[in-house]
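Q: My structure is below; once you've seen it, I'll send some questions.
The values are calculated or read from the model by the stated rules, or taken from the named source; none is laboratory data. A quick note: this is a predicted structure, and the numbers were derived from the prediction, not measured. What goes into the accessible areas is simple: the full protein's heavy atoms, side chains included, and nothing from ligands, DNA or RNA. Shrake-Rupley method; radii C 1.70, N 1.55, O 1.52, S 1.80 Å.
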Amino acid sequence: MEVKIAENAGFCFGVKRAMNMAWDELENKDNNNVYSLGPLIHNKQAVDKYKEKGLVEIDSLEDIPNNSKLIIRSHGVAEKIYDESKAKNMDIVDTTCPYVKKIHDIVKQFSDKGYKIIIVGNVTHPEIIGINGWCKNEAIVINSEKEIENISFNTDEKYCVVSQTTANLEFFD
């Protein structure tokens with residue numbers, strides 16, 4: 001049997017970057033407790049290696065002691081997580097994918113200008129939850145053409161449409 005591996009097999013750029021940054025933090029012997037808010041990536045086997053190295057996965061910032069190190073995972077998080085982390089004097093290691101971070105910046109910029117934000121993607125996906133957190137959780141999230149039909153567009157409003165980074169361009173169009 002012949003096994004062929006696709007040219008682009010493996011982790012995407014953002015995930016690979018996040019994993020390398022997290023590993024570097026765990027390799028630092030001065031770090032006793034390093035936390036991540038949710039799993040670092042969507043790969044249990046890979047995440048387990050990080051847990052063995054000392055990464056503590058938590059579900060809420062309330063579960064992290066003040067003055068700890070927090071790794072922001074590749075999917076990114078809502079703006080309030082940064083604010084709450086700073087209030088707890090946490091050392092933040094931001095591994096948010098640069099493509100996701102760009103969407104955060106766009107959403108924040110246009111939301112602040114009064115645009116209604118529409119996000120194309122899965123409403124329960126951590127990336128979408130994080131993006132929505134940059135516009136006060138007021139975005140309209142859609143994941144199908146059918147859902148578009150349920151939106152009452154106001155011709156007096158301005159809209160900014162962004163997409164989950166893993167969305168297929170054909171689907172987005």
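Q: Any of K16/K80; K16/K86; K4/K49; K44/K113; K49/K80; K44/K116 with alpha carbons more than 32 Å apart? Name them for me.
A: Distance filter (> 32 Å) returns K44/K113; K44/K116.
Q: Given 5 Å bins starting at zero, what is the percent of C-alpha pairs of region 59-132 in each, up to the one with the largest pair distance?
A: 3, 15, 25, 23, 18, 11, 5, 1
Q: Calculate log10 I(q)/I(0) of region 10-59 for q = 0.12 Å⁻¹, where I(q) comes from the Debye formula with a single equal point scatterer on each Cα and nothing for solvent.
A: Results for region 10-59 at q = 0.12 Å⁻¹ read -0.23.
Q: While we're here: Before rounding to the nearest 500, sum -39500 (n - 2.57) across all DSSP H runs of length at least 4 in the chain and divide by the residue total; then give [θ] at 222 nm in deg cm²/dmol.
A: -10500 deg cm²/dmol, from helical runs alone.
Q: Right, next: Sorted from largest down, give the three principal axis spans of the alpha carbons of region 21-97, whole angstrom values.
A: That gives 31, 26, 20 Å along the principal axes, largest extent first.
Q: What does the convex hull of the Cα atoms of region 1-149 come to per residue, in Å³, rounded to a whole number?
A: 148 Å³
Q: Of the accessible area of the chain, with the probe set at 1.4 angstrom, what percent is carbon plus sulfur?
A: 48 percent
Q: On average, how much accessible surface per residue is there in region 1-99, in Å², for a 1.4 Å probe, leaving out ligands, DNA and RNA?
A: Roughly 63 Å² per residue, with all protein chains present.
Q: Continuing with this model, one more query. Please report the Cα spread of region 105-149 along all three principal axes, rounded to whole Å, starting with the longest.
A: Taking max minus min along each principal axis of the Cα atoms, region 105-149 gives 28, 23, 13 Å.
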